[in-house]
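A short write-up of the structure that comes next.
The values are calculated or read from the model by the stated rules, or taken from the named source; none is laboratory data. Quick caveat, the model's predicted, so the values are computed rather than measured. Using ideal geometry, Cβ is built from the backbone for each residue, glycine included, and neighbour counts are taken over all protein chains shown.
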Amino acid sequence: MWLCGSLAVVLLATACDVPQESEASKQAQDNNERMQSQVYVQHNNVEFQNYNDRQKVADDPATILWCTAYPTNPNARPVTVPIRGKLTSSDKRPYATTTARSGATDSVYSPEIPGPDGMYGSSVPYRYGFTPAGVYVDFTDLQTVCTTEPTVYQSQQTELVLRTDQPLSDASAKARTALQAGNPGEAARILEQATGGH
């Protein structure tokens with residue numbers, strides 16, 4: 001009985017020794033909780049969807065990218081080139097280039113890991129691609145804009161007008177069908193005819 005009474009006194013004394021939370025601290029905590037409840041929580045995963053959509057475009061060998069390169073010489077006109085598949089960075093490669101040794105087993109391994117495309121390396125310093133006919137195009141040191149739909153722009157103005165060129169868009173779709181059918185020559189002919197051989 002005496003033990004129970006002593007225990008109650010100890011518990012009561014301990015409870016009394018706990019410092020009371022200050023009013024300022026409690027107010028700050030309340031304000032923090034109120035602000036946290038107002039933070040927008042994303043539901044649509046748009047960033048993730050953009051990433052996936054880009055990977056799908058990059059993984060489709062029948063994609064036709066319309067890449068416009070802007071020369072550094074102000075007297076030179078921009079040039080637009082259809083690229084099949086995607087532009088590839090010069091530093092991309094299908095193998096790792098560095099090795100390391102494990103201290104425990106003395107085995108050799110590569111600390112590099114491939115990206116989602118299965119390739120090693122970063123996206124620098126230049127990009128290149130191939131036309132539907134297999135012509136190599138190098139975009140070294142050029143500012144480029146690439147789209148999956150051909151655009152009409154006015155080179156004498158600073159603004160870029162993103163308006164779909166319907167005849168070229170139709171030709172692009174036909175060329176894509178030809179690429180899917182394994183006929184790059186027909187794809188090249190369609191695009192050449194649509195652009196007037198330019």
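Details
- Residue tally, condition within 23 Å of Glu192 (Cβ to Cβ) and either at pLDDT 80 or above or of a type in the set (Val, Ile, Thr) (or both), over region 148-161: 5
- Candidates Ala104, Ala96, Ala62: the one that is among the small types (Gly, Ala, Ser) and either touching a helix residue (DSSP H, G or I) at 6+ places or on another chain (Cβ under 8 Å) or modelled with pLDDT of 75 or more (or both) is Ala62.
- Residues located in region 46-88, provided they are among the basic types (Lys, Arg) and under 18 Å from Pro184 (Cα atoms): Arg84, Lys86
- The single condition among (1) at pLDDT below 90; (2) in contact with a strand residue (DSSP E or B) (Cβ under 8 Å, 6 or more places away or on another chain); (3) crowded, with 17+ Cβ neighbours inside 10 Å that Leu179 does not satisfy is (1).
- Number of the exception - Ala76 against (1) part of a strand (DSSP E or B); (2) modelled with pLDDT under 85; (3) of a type outside the set (Lys, Arg): (1)
- Matching residues in region 187-198 - criterion: being out of contact with any Ser or Thr (no Cβ under 9 Å at 6 or more places or on another chain) and part of a helix (DSSP H, G or I): Arg189, Glu192, Gln193
- Residues of region 114-132 that are surrounded by 16 or more Cβ atoms within 10 Å (Cβ to Cβ) and modelled with pLDDT under 80: Tyr120, Gly121, Arg127.
- Of Val137, Val145, all but one fail to be within 20 Å of the chain's Cα centre (by Cα) and either in a strand (DSSP E or B) or at pLDDT below 80 (or both); the exception is Val145.
- Condition check for Thr164 on (1) at pLDDT below 80; (2) farther than 14 Å from Trp66 by Cα: one failure, at (2).
- Scope region 179-198; condition touching a residue at least 24 places away in the same chain (Cβ under 8 Å) and either farther than 26 Å from Pro78 by Cβ or over 26 Å from the mean Cα position of the chain (by Cα) (or both); matching residues: Gln180, Pro184, Gly185, Ala187, Ala188, Leu191, Ala194, Thr195
- Yes/no for Thr88 being β-branched (Val, Ile, Thr) and modelled with pLDDT under 70: no
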